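The values are calculated or read from the model by the stated rules, or taken from the named source; none is laboratory data. Quantities reported herein were computed from a predicted structural model and do not represent experimental measurements. Neighbour counts are summed over all protein chains in view; Cβ atoms, including those assigned to glycine, are modelled from backbone coordinates with ideal geometry. What goes into the accessible areas is simple: the full protein's heavy atoms, side chains included, and nothing from ligands, DNA or RNA. Shrake-Rupley method; radii C 1.70, N 1.55, O 1.52, S 1.80 Å.
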Amino acid sequence: MDKRIIFHIDCNSAFLSWEAVHRLQHGHSLDLRTVPSAVGGSVKQRRGIILARSIPAKKLGIRTGQTVFEALSKCPELILVPPDYALYVQCSNALITLLKEYSPLVERYSVDECFMDLSGYGIDGDESVDLAMRIKQRVKEELGFTVNIGISINKLLAKMASEFEKPDKVHTLFPEEMPEKMWPLPVCEMFMVGVRTCLKLYKYGIITIGQLAKTDKELLKVYFKSYGNVLWEYANGIDYSEVRPDRRDIKGIGNSTTTSFDVTDYETAKLFLLSLSEMVGMRLRMENVKAQVICVHLRNSLFHSWSHQHKIPIPTNATNDIYQEACRLFLEMWNGQPLRALGVRTDCLSDGNFTQLSITDQNKFDKISELDKSVDYIRTRYGNDAVKRGVFLHSGVAHINGGVHDDYPMMSSLL
DNA sequence: TCTGGGGTCCTAGGACCC
DNA sequence: TCTGGGGTCCTAGGACCC
């Protein structure tokens, strides 16, 4: 059998590059990528964090996840632009379409990253580099932005490879290259090693990926339970996961929002819970699934967050069912403290065509279901604002809430 | 002074059943 | 009245990804 060839394609400073390209295409003369600039949320709406930054901004110490306030105090001339998720989806789709010309096995890992499986085409290591260079060039010429492409025999190593020098580069990380290219790196640069794990590893004297690779696997299992196994395998370049072109089954659907003001009363909280339930319900119905677990997540003004969930007897995708349960959970867990964020999510999804009802419930169920369906239809056709519940009038709360564009693709922490 | 939003998986503890 | 384990389900919280 041929060696597997896997590409990981990573858009450089995705949100910022895409905004820059969009502006150039619409007559702007300044290329945002050439100056200190960033995509950031609105400070006034309390969403002021940096989502992406240009390379000149990076050189001035601007990091993603940093507060806009901090970024501006570090670099007052920073040009800030708001996020435009619909644009990101367009750019992401354009990239996927281009990549599919080379292999049908393209997996969208997040809005700005994908994996491509090129095994079975008889391509060797050198040829794969040539091919990656050609793809990278085409993306630049036809779509206007740059990508990094990492090449290896599995997804993990390909992903690690694309993280090497940026932008606009092709890197390989084949297993025989690990000692030279991967093992000297600090352990925090490895996939699945976040801040917590990194600090814990440091405590055990493990500083580089190479040291992690050489650590006794059984010892890691004692320190990190089942996760120790994953850490050891990743450090040794072991990963057998497949490139999945079809989106894997969705496990849960949820939406949350940071409020522009602290929520201090139940009536206002209910409006947010309803607007979030509207969005979650719509998305469940769009996917033709029902949920059996409803979860409410709260964050207070001190940034502490907590959640309560409940498994309901019968799966639902009705906005009203989700809302009622969300209110119950909210009252169960809220002690009156000021809130800055609320979230509603659903889990334990099942086939939406299945219903289990007593005959007396049937009429009521049909009516609610028909109402949701009609509202969904009108909103799909005429826009989300075509139908609004009366309670939102003059309330100051958006009647549908949830951070990003409906079709915005999300990712998981798994390969 | 300020700190987003959407996911997945894992663990621990308690309830409950046999 | 007091004593086991094992298995499964449910819930809360925390880790990670972008």
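For (1) of a type in the set (Phe, Trp, Tyr); (2) away from DNA strand B (no atom under 12 Å from the Cβ); (3) more than 22 Å from the chain's Cα centre (by Cα); (4) modelled with pLDDT of 95 or more, each residue gets a yes or a no:
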site: A:Val195; (1), (2), (3), (4): no, yes, no, no
site: A:Leu201; (1), (2), (3), (4): no, yes, yes, yes
site: A:Thr215; (1), (2), (3), (4): no, yes, yes, yes
site: A:Tyr223; (1), (2), (3), (4): yes, no, yes, no
site: A:Ile238; (1), (2), (3), (4): no, yes, yes, yes
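When the helices (runs of 4 or more DSSP H) confined to the range A:206-251 are screened for residues that are open to solvent by less than 50 Å² (accessible area, probe 1.4 Å), those reaching at least 3 such residues are found at A:209-214, A:226-235. With the condition kept exactly as written, say whether any residue in the range A:316-331 is over 20 Å from A:Gly252 (Cα atoms), touching a residue at least 12 places away in the same chain (Cβ under 8 Å) and within 10 Å of DNA strand B (Cβ to nearest atom). No - not one qualifying residue is present in the range A:316-331. For the range A:293-301, check the following and say yes or no: at least one residue is touching a strand residue (DSSP E or B) at 6+ places or on another chain (Cβ under 7 Å), more than 12 Å from DNA strand B (Cβ to nearest atom), open to solvent by less than 60 Å² (accessible area, probe 1.4 Å) and touching a residue at least 12 places away in the same chain (Cβ under 8 Å). Yes, the range A:293-301 contains a residue that is touching a strand residue (DSSP E or B) at 6+ places or on another chain (Cβ under 7 Å), more than 12 Å from DNA strand B (Cβ to nearest atom), open to solvent by less than 60 Å² (accessible area, probe 1.4 Å) and touching a residue at least 12 places away in the same chain (Cβ under 8 Å).
Can A:Leu274 be described as surrounded by 16 or more Cβ atoms within 10 Å (Cβ to Cβ), within 16 Å of DNA strand C (Cβ to nearest atom), over 19 Å from the mean Cα position of the chain (by Cα) and not charged (D, E, K, R)? Quick ask: steps written out before the conclusion?
Values: surrounded by 16 or more Cβ atoms within 10 Å (Cβ to Cβ): yes; within 16 Å of DNA strand C (Cβ to nearest atom): no; over 19 Å from the mean Cα position of the chain (by Cα): yes; not charged (D, E, K, R): yes.
Spelling it out, it is not the case that A:Leu274 is surrounded by 16 or more Cβ atoms within 10 Å (Cβ to Cβ), within 16 Å of DNA strand C (Cβ to nearest atom), over 19 Å from the mean Cα position of the chain (by Cα) and not charged (D, E, K, R).
For the range A:19-55, a tally of residues being in contact with a Ser or Thr (Cβ under 8 Å, 6 or more places away or on another chain), open to solvent by 70 Å² or more (accessible area, probe 1.4 Å) and not in a helix (DSSP H, G or I) returns 4. Being open to solvent by 30 Å² or more (accessible area, probe 1.4 Å), in contact with a strand residue (DSSP E or B) (Cβ under 9 Å, 6 or more places away or on another chain) and within 16 Å of DNA strand C (Cβ to nearest atom): is that true of A:Phe261 here? It is false that A:Phe261 is open to solvent by 30 Å² or more (accessible area, probe 1.4 Å), in contact with a strand residue (DSSP E or B) (Cβ under 9 Å, 6 or more places away or on another chain) and within 16 Å of DNA strand C (Cβ to nearest atom). Among the residues of the range A:165-177, are any under 29 Å from the mean Cα position of the chain (by Cα), surrounded by fewer than 14 Cβ atoms within 10 Å (Cβ to Cβ) and at pLDDT 95 or above? Taking every residue of the range A:165-177 in turn, at least one turns out to be under 29 Å from the mean Cα position of the chain (by Cα), surrounded by fewer than 14 Cβ atoms within 10 Å (Cβ to Cβ) and at pLDDT 95 or above.
Could you tell me which of the residues A:Arg328, A:Arg299, A:Arg381 is over 24 Å from the mean Cα position of the chain (by Cα) and at pLDDT 85 or above?
A:Arg328
Would you pick out the residues in the range A:23-47 that are in contact with a strand residue (DSSP E or B) (Cβ under 9 Å, 6 or more places away or on another chain) and within 19 Å of A:Thr146 (Cα to Cα)?
Passing the criteria: A:Arg23, A:Leu30, A:Leu32, A:Val35, A:Pro36, A:Ser37, A:Ala38, A:Val39.
Quick one: A:Ile312 ticks every box in (1) within 24 Å of the chain's Cα centre (by Cα); (2) hydrophobic (A, V, I, L, M, F, W, C); (3) within 13 Å of DNA strand C (Cβ to nearest atom); (4) surrounded by 11 or more Cβ atoms within 10 Å (Cβ to Cβ) bar one, so which box is it? The failed condition is (1). Restricting the search to the range A:64-113, which residues are touching a His at 6+ places or on another chain (Cβ under 7 Å) and over 17 Å from A:Thr146 (Cα atoms)? Answer for the range A:64-113, where residues must be touching a His at 6+ places or on another chain (Cβ under 7 Å) and over 17 Å from A:Thr146 (Cα atoms): A:Tyr85, A:Ala86. Just one of (1) under 26 Å from the mean Cα position of the chain (by Cα); (2) modelled with pLDDT of 95 or more fails for A:Asp351. It is (2). One residue stands out among those in the range A:42-91 that are over 18 Å from the mean Cα position of the chain (by Cα) and of a type in the set (Ser, Thr, Tyr): the one that is nearest to A:Glu113 (Cα to Cα), which is A:Ser54.
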